[in-house]
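Everything below concerns the one structure shown next.
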Amino acid sequence: MPPLEDDLFPSTPGKFKIERAHTMNRQLYRCFASTSTMFLWALFLIALTASYLSFQGFVDSGSRYLSASWGGIQWEKQVRTSAQIHRQGGMSVLVTGAAGFVGSHVSLALKRRGEGVVGLDNFNDYYDPSLKKARKSLLNTHEVFIVEGDVNDAKLLAKLFDVVAFTHVMHLAAQAGVRYAMENPQSYVHSNIAGLVTLLETCKSANPQPAIVWASSSSVYGLNEKVPFSESDRTDQPASLYAATKKAGEEITHTYNHIYGLSITGLRFFTVYGPWGRPDMAYFSFTRNILQGKPITVYRGKDHVDLARDFTFIDDIVKGCVGSLDTAGKSTGSGGKKRGPAPYRIFNLGNTSPVTVPTLVSILEKHLKVKAKRNIVDMPGNGDVPFTHANISSARKELGYKPTTDLQTGLKKFVKWYLSYYGYNHGKSVN
Ligand SMILES: O=C(O)[C@H]1O[C@H](OP(=O)(O)OP(=O)(O)OC[C@H]2O[C@@H](n3ccc(=O)[nH]c3=O)[C@H](O)[C@@H]2O)[C@H](O)[C@@H](O)[C@H]1O
């Protein structure tokens, strides 16, 4: 065992430590001049240490019970109840990021089908947490319980798997947003890499191991110019740190599939939009600004070419997620050991018909019946890519994925929801 001093002081290079040790020795010599005094001092110190430790233990356990947002008999009961399967041959799914946009929709769809669903979300403030709380309330009314916690919390994950033998994990918790990565790069590493590994470590050790379906991103295609984007195209030219962390996630999940026999399905989502969406995304923030009479910034690509996205409606994405869970196949490992090969799949989930950003704005103007104040600027070098376009033939074949909502229809549904949730005058200054 290392001496106590090593535990108390950082093991920075020696000078400080050695001098300090000499000085302490001299003082100790003076203090403990006689053996009996030394004995009494030792007794006193032992008693002091013991009472300090027991007090500390009391404080620790007390504060754990007072401040913990998880644990306890009632909590376990809620988790178990939420995870209960209500149909023959159903699954019990742990949905991470359940208070998020895609997570809340997928959780509801699974619950409606009779699957057991337990949510996990850290309710961070990347965007207005009150929207996440509202999604949580909605899920509560459908008897989906969301645990408040982080995917980096290994103890919490282990506890969840202790309480429920999840058959599947739908991993949607992530730091999203392409351009925000320049502001807060560490948050991407924390959630999309460290959090993913923590989750995979838990899943690999679980017995039985769950099958995992998780959110990758269309952004992994980066500067790829071959269209439409197919799963076999190059993904080694990411244009943002967000894209790089999602690409890293694909590599990391591959190793867990290879070493531990975890069944893995990665879904490359293409700019998902719809009711209960993400306020940081263009269609959402444009709507807010248009209604408030504020200008919107529309980026334009090289040589004045409009940017375009394969915008994909949330209901189509949900079908792709559920189809992936249904067809995931089993993980083969147990006790952290692989027992045979397990499926490793990657699918594009897009709409297959890209629309330019100015057209997106025109559709919003039509549905909102308000003209936008467009401020057109050249695309800054902030991680954006000029266009995305999905080839979905693999998902169609393997998952039965067939998007049915075009941007006109999807945005109409979004605007309807937006107005009912925020009202027409949301944020407008009323004189
Ligand atoms: O498919 C994905 O994997 C990603 O999709 C989404 O990224 P993007 O496709 O970039 O969506 P989004 O921000 O709505 O910008 C849309 C368009 O509006 C343009 N845009 C944006 C903002 C602005 O102020 N002006 C503007 O012109 C912008 O230049 C772009 O052309 C998710 O956010 C991301 O988390 C990830 O899931």
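Compute the length gained on full extension between Gln88 and Asp406: take 0.36 nm times their separation in residues and subtract their Cα-Cα distance, giving the result in nm to one decimal.
Working: separation 318, 0.36 × 318 = 114.48 nm, distance 3.44 nm.
Answer, rounded to one decimal: 111.0 nm.
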Sorted largest first, the Cα spans of segment 345-428 on the principal axes come out in Å as 47, 34, 19
Carbon and sulfur atoms account, in whole percent of the 1.4 Å probe accessible area of segment 268-321, for 51
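Share of Cα-Cα pairs in segment 132-227 beyond 17 Å, in percent? Intermediate values should be presented prior to the final figure.
Working: 2801 of 4560 pairs.
Result for the distance tail: 61 percent.
Got the relative contact order for segment 177-328 handy, in percent, Cα pairs under 8 Å and 6 or more residues apart? Write down the numbers at each step before the final one.
Working: 165 pairs, mean separation 40.2, N = 152.
Relative contact order of segment 177-328: 26 percent.
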Expected vector for segment 172-189, Karplus 3J(HN,Hα) from phi with 6.51, -1.76, 1.60 and θ = phi - 60°, integer Hz, x for Gly and Pro, equals 10, 5, 6, 8, 9, x, 7, 7, 5, 4, 7, 7, 9, x, 4, 5, 6, 5
Length gained if Asp326 through Glu183 is fully extended, taking 0.36 nm per residue and subtracting the Cα-Cα distance, is 47.7 nm
Loop-resident GluC sites (Glu not before Pro) in segment 215-322 with no more than 15 other Cβ atoms inside 10 Å, DSSP not H/G/I/E/B, are Glu225
With the convex hull built on the alpha-carbon atoms of segment 58-208, volume per residue in Å³ sits at 125
Among chymotrypsin sites (Phe, Trp or Tyr not before Pro) in segment 292-322, those in a DSSP loop whose Cβ has at most 10 other Cβ atoms within 10 Å are none
Place a point 7 Å from the Cα of Ala134 in the direction of its beta carbon; the residues of segment 285-321 whose amide N falls under 16 Å from it are 285-289, 291-292
For Ala194 and Ala165, extending 7 Å from Cα along the Cα-Cβ vector and measuring point to point gives, in nm, a value of 3.4
To the nearest Å², the heavy-atom accessible area per residue of segment 62-175 with 1.4 Å probe amounts to 43
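So what is the relative contact order of segment 283-385, in percent, for Cα pairs below 8 Å that sit 6 or more residues apart?
Numbers: 105 pairs, mean separation 50.3, N = 103.
Reported relative contact order: 49 percent.
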The lysines whose Cα lies under 23 Å from the Cα of Lys412, excluding any fewer than 8 residues away in the same chain, are Lys132, Lys294, Lys319, Lys366, Lys369, Lys371, Lys373, Lys402, Lys428
The extension gain from Ala109 to Leu419, computed as 0.36 nm times the residue separation minus the Cα-Cα distance, is 109.3 nm
Here, segment 176-259 modelled as identical Cα point scatterers in vacuum has Debye log10 I(q)/I(0) at q = 0.11, 0.14 Å⁻¹ of -0.33, -0.52
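Rule-of-thumb check for segment 249-294: C-alpha Rg over 2.2 N^0.38 Å?
Numbers: Rg = 18.1 Å, N = 46, 2.2 N^0.38 = 9.4 Å.
Taking N as the residue count of segment 249-294, the ratio is 1.92.
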Rg (one decimal) and Dmax (whole number) from the Cα set of segment 235-352, in Å, equal 18.7, 61
Summing +1 per Lys or Arg and -1 per Asp or Glu among the other residues with Cβ less than 10 Å from Asn351's Cβ gives -2
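With a probe of 1.4 Å, find how much accessible area segment 265-388 has per residue, and write the answer as a whole number in Å².
On the way: 5020 Å² over 124 residues.
Averaged over the residues of segment 265-388, the accessible area is 40 Å².
Taking Rh as the Kirkwood radius, which is the inverse of the mean 1/r over Cα pairs, what is the Rg/Rh value for segment 281-431? Don't jump to the answer; show the numbers that get you there.
Values: Rg = 19.9 Å, Rh = 18.0 Å.
Result: Rg/Rh = 1.10.
The values are calculated or read from the model by the stated rules, or taken from the named source; none is laboratory data. On a predicted model such as this, the values are computed, not experimentally measured, just so you know. FYI the Cβ positions are ideal-geometry reconstructions off the backbone, even for glycines, and counts take in every protein chain you see. Calculation scope for accessible area: heavy atoms of the full protein, side chains included, ligands and nucleic acids excluded. Shrake-Rupley method; radii C 1.70, N 1.55, O 1.52, S 1.80 Å.
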